[in-house]
1. Return only the number of the condition from (1) open to solvent by 20 Å² or more (accessible area, probe 1.4 Å); (2) on the phi < 0 side of the Ramachandran plot that G175 does not satisfy.
2. Among the residues of the stretch 95-109, is any open to solvent by 20 Å² or more (accessible area, probe 1.4 Å), within 29 Å of A212 (Cβ to Cβ) and assigned to a helix (DSSP H, G or I)?
3. For the stretch 119-170: of the residues being of a type outside the set (D, E, K, R), open to solvent by 70 Å² or more (accessible area, probe 1.4 Å) and within 16 Å of V88 (Cα to Cα), which is farthest from the chain's Cα centre (by Cα)?
4. Could you look through the stretch 20-72, keep only residues that are among the charged types (D, E, K, R) and open to solvent by less than 60 Å² (accessible area, probe 1.4 Å), and pick out the one that is modelled with the lowest pLDDT?
5. Restricting to the stretch 183-233, what's the tally of residues that are within 19 Å of G86 (Cα to Cα) and in a loop (DSSP other than H, G, I, E, B)?
6. Right, T139: in contact (Cβ under 8 Å) with a residue 40 or more places away in the chain and either hydroxyl-bearing (S, T, Y) or within 27 Å of E234 (Cα to Cα) (or both) or not?
7. Looking only at the stretch 189-222, count every residue that is of a type in the set (A, V, I, L, M) and either farther than 18 Å from G19 by Cβ or open to solvent by 30 Å² or more (accessible area, probe 1.4 Å) (or both) and tell me the total.
8. Among the listed residues A145, A112, A118, A124, identify the single one that is at pLDDT below 95 and of a type in the set (A, V, I, L, M, F, W, C).
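The values are calculated or read from the model by the stated rules, or taken from the named source; none is laboratory data. No experiment lies behind these values; they were computed from the predicted model shown. FYI the Cβ positions are ideal-geometry reconstructions off the backbone, even for glycines, and counts take in every protein chain you see. Protein only, heavy atoms only, side chains kept; ligands, DNA and RNA dropped before computing areas. Shrake-Rupley method; radii C 1.70, N 1.55, O 1.52, S 1.80 Å.
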Amino acid sequence: MADLAGRVVIVTGGSGGLGRAVVPTLAGMGARVVWTRRPGSGEQPGRGSEPAAPDGAEVRAVDVTEPDEAARLVRETIERQGGLYGVVCLVGAFVAGSAEAVSPGDWRRMLAVNLDSAFYVVQAALPHLVRQGRGRIVTVGARTALAPRPGLAAYGVAKRALVELTRFLAEDLRGTGVTANCVAPGTIDTEPNRKARPDADRRLWAPPPAIARVIGWLLSDEAGVVNGAVLPVEGPALP
């Protein structure tokens, strides 16, 4: 694995199904991880209690769909940790439904959770990252954002917007030493997904540790030549 020794990385949504793999993976690579959970979400349905923070990691209860909260997270991370090197945007939500069926509330929620949360944190982090001349941004899109499927209008549009945001960030950041890339998983092999689809063929699902290793690599020096990429991450499972 690449070396992230001493580098401060914010991981939004660290208590989610993917975050539970990403946080310890990055900590194991030497990063100083500041990860967020939603306020009041210490116990999450279908996921059990909040995971313990690895040594050196810091947990923050922050609603990153609120711009002021996102800005405070970034500002206080820089003040308390002495800097910031990377931002990994894992916060997300899913709702099924065609364009005809989706409610206005679900439409707004998909955009707020999947798109706005990433934009606000990244926007707050950019001045610091650009000023120091190095940094990494990694977002998490979805396979359905690249290949639309029926019945996923609001979710797919929100994730597609996140993919495009990442591409525009990459162009804005070209030549600054800061990169922006996106991973686009298919179905992730998490406990909630197993319960929701008990009869599915999970051999085609992406295991969280495998996705976490890809994210870790995108944060590394070795991946400095990669900018604006959208990487599909799906089964068969990696060893």
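1. G175 satisfies all of (1) open to solvent by 20 Å² or more (accessible area, probe 1.4 Å); (2) on the phi < 0 side of the Ramachandran plot except (2).
2. Yes, because at least one residue in the stretch 95-109 is open to solvent by 20 Å² or more (accessible area, probe 1.4 Å), within 29 Å of A212 (Cβ to Cβ) and assigned to a helix (DSSP H, G or I).
3. Q123
4. Here the answer is E50.
5. 6
6. Spelling it out, T139 is indeed in contact (Cβ under 8 Å) with a residue 40 or more places away in the chain and either hydroxyl-bearing (S, T, Y) or within 27 Å of E234 (Cα to Cα) (or both).
7. Of the residues in the stretch 189-222, 4 are of a type in the set (A, V, I, L, M) and either farther than 18 Å from G19 by Cβ or open to solvent by 30 Å² or more (accessible area, probe 1.4 Å) (or both).
8. Exactly one residue qualifies, and that residue is A145.
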